[in-house]
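Rule-based calculations on the coordinates, nothing more; no lab input. All values derive from a computational prediction rather than experimental measurement.
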Amino acid sequence: MIKTALILALLPVAAGALCVDRAVFVEQLSTGHGETLTAGGMMGEDAIIEVFTAEDGAWTMIRTTATGVSCLMAVGTDWGQWERVTEPQGEPG
């Protein structure tokens with residue numbers, strides 16, 4: 001399900017990018033879509049990527065800069081969480 005309500009709630013935006021204060025994104029994802037922060041990591045030296053997920057498998061990815069501005073990167077369905085594999089499994093082929 002595309003998050004049309006979220007997108008419309010965050011409009012208007014500058015230059016076609018969907019970017020707002022991080023707190024606005026987090027509030028909309030939490031109250032409007034039941035999504036919570038599930039994963040994240042650094043993107044370069046001045047930004048982080050965060051993935052928010054809901055129990056129904058819906059997910060949203062945002063990029064947040066050091067200034068606290070977040071931009072929508074992607075949305076989707078059927079989020080899955082896998083165990084991290086640190087060593088190859090099985091025998092070499």
_With θ taken as phi - 60° and the coefficients 6.51, -1.76 and 1.60, list the Karplus ³J(HN,Hα) couplings across segment 55-60 in order, rounded to whole Hz; mark glycine and proline as x._
4, 7, x, 5, 9, 9
*Would you mind calculating the gained length between residue 73 and residue 55 on full extension (0.36 nm times residue separation, minus the Cα-Cα distance), in nm to one decimal?*
4.5 nm
